[in-house]
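Report on the structure given below.
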Amino acid sequence: MINTLMTEPTQTLRIARRFNGPFDSGNGGYSAGLAAQLLPNANAVEATLRAPIPLDQTLRAHATETGLDIMTDDASTRILIMSIKPTWLETPDVKSPGLEAATVAASSFRNAEDHVLPHCFVCGPARPPGDGLRIFSDWLKDPSGIENPNMFPIVAAPWQPAPDLADATGRIAPEFMWAALDCPGAFAVDKEPILLGRMAAKIIERPTPDAPIVTVAWSTGQDRRKHFAGTALFNEAGKLLAFSQQTWIQIDAHAAPKEL
């Protein structure tokens, strides 16, 4: 069953185990996208991840001057998990390479043995179809003599949403749009191991899950251990559906989350 946010005044959410990134914590994009719905009037939302996101636990939102802090629900050992706030994002100057080019790019994606987090809900090749999103981003190739329509290197992949990702409106639920925007940025940064530190996203349109989506991502720079990326989702016709700006933190290999 897909998680839904509880309405006011409870302001709680819960990340089911299915939606992990590292084996024992929530996928950052999915979790931030779920929390972002607690700010329903925001044009775009920025989420700063503060600690590993616990699975199958109640998290509670606490109001701040700028937005909300999402914390564990045990008052005696309360942990700040993420902070969210409304923000403004400039639409990126990026175009879809098209479904064919994205499919060719994904064909060279690493297998489960070479993947740092093979069971990640978004990019894990060990997740079967219909369970994980299976977004396998890799560098764009040139399948048919068509030049890259962008002025910078991008990774790309197709995404075919499963029917159970739709909400009551019949459109892909926002948290899955956020999830699909998440992991491609890591592959554009192309450093390991890294963890998502901050993500700001804007959803322009939520499609129904009956057509493929093209995902793209690109690096936007580096400041020591911080790496920056942009990501975007397009429909098959090349219309921009959603986009994000991300900060990834390169961590010591010995501190990296492990798969079981």
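The values are calculated or read from the model by the stated rules, or taken from the named source; none is laboratory data. What you see is a predicted model, and the numbers here were worked out from it, not measured in a lab. Neighbour counts run over all protein chains shown; Cβ positions are idealised from the backbone, glycine included. In case anyone asks, the SASA skips ligands and DNA or RNA and just uses the protein heavy atoms, side chains included. Shrake-Rupley method; radii C 1.70, N 1.55, O 1.52, S 1.80 Å.
Taking 7 Å along the Cα-to-C-beta vector as the label spot, tell me the Ala162-Lys226 distance in nanometres, rounded to one decimal.
3.6 nm
Kirkwood hydrodynamic radius for the chain: how many Å is it when counted over pairs of different Cα atoms? Let's see the in-between values first.
Working: mean 1/r = 0.0547 Å⁻¹.
Evaluated over the chain, this radius sits at 18.3 Å.
Checking a compactness column here: for the stretch 43-106, what do you get for Rg(Cα) / (2.2 N^0.38 Å), N being the number of residues?
Normalised Rg, Cα atoms only: 1.66.
Isolated Cys in the chain by the 4.7 Å beta carbon test?
Unpaired cysteines in the chain: Cys120.
I want to verify a result. In a Gaussian network model of the chain, Cα cutoff 10 Å, which of these has the top mean-square fluctuation: Val216, Val155, Val116?
Val116
Tell me, what % of the accessible area of the chain is carbon and sulfur with a 1.4 angstrom probe?
On the way: 6440 of 12280 Å².
Heavy-atom surface of the chain belonging to carbon and sulfur, 1.4 Å probe: 52 percent.
Dividing the alpha-carbon Rg of the stretch 90-169 by 2.2 N^0.38 Å yields what? Can you show the working numbers first?
Details: Rg = 14.3 Å, N = 80, 2.2 N^0.38 = 11.6 Å.
Here the answer is 1.23, to two decimals.
What percentage of all Cα-Cα pairs in the stretch 1-139 are separated by more than 26 Å? Intermediate values should be presented prior to the final figure.
On the way: 3414 of 9591 pairs.
Across the stretch 1-139, Cα pairs with separations above 26 Å total 36 percent.
Using alpha-carbon positions, what is the distance between the centroids of the stretch 170-217 and the stretch 18-45, in Å?
Result: 11 Å between the Cα centres.
Two-decimal Rg/Rh of the stretch 183-235 from alpha-carbon positions, Kirkwood Rh?
1.03
Can you tell me the accessible area per residue over the chain, all protein chains present, probe 1.4 angstrom, in square angstrom?
Numbers: 12280 Å² over 260 residues.
Accessible surface, normalised per residue, equals 47 Å².
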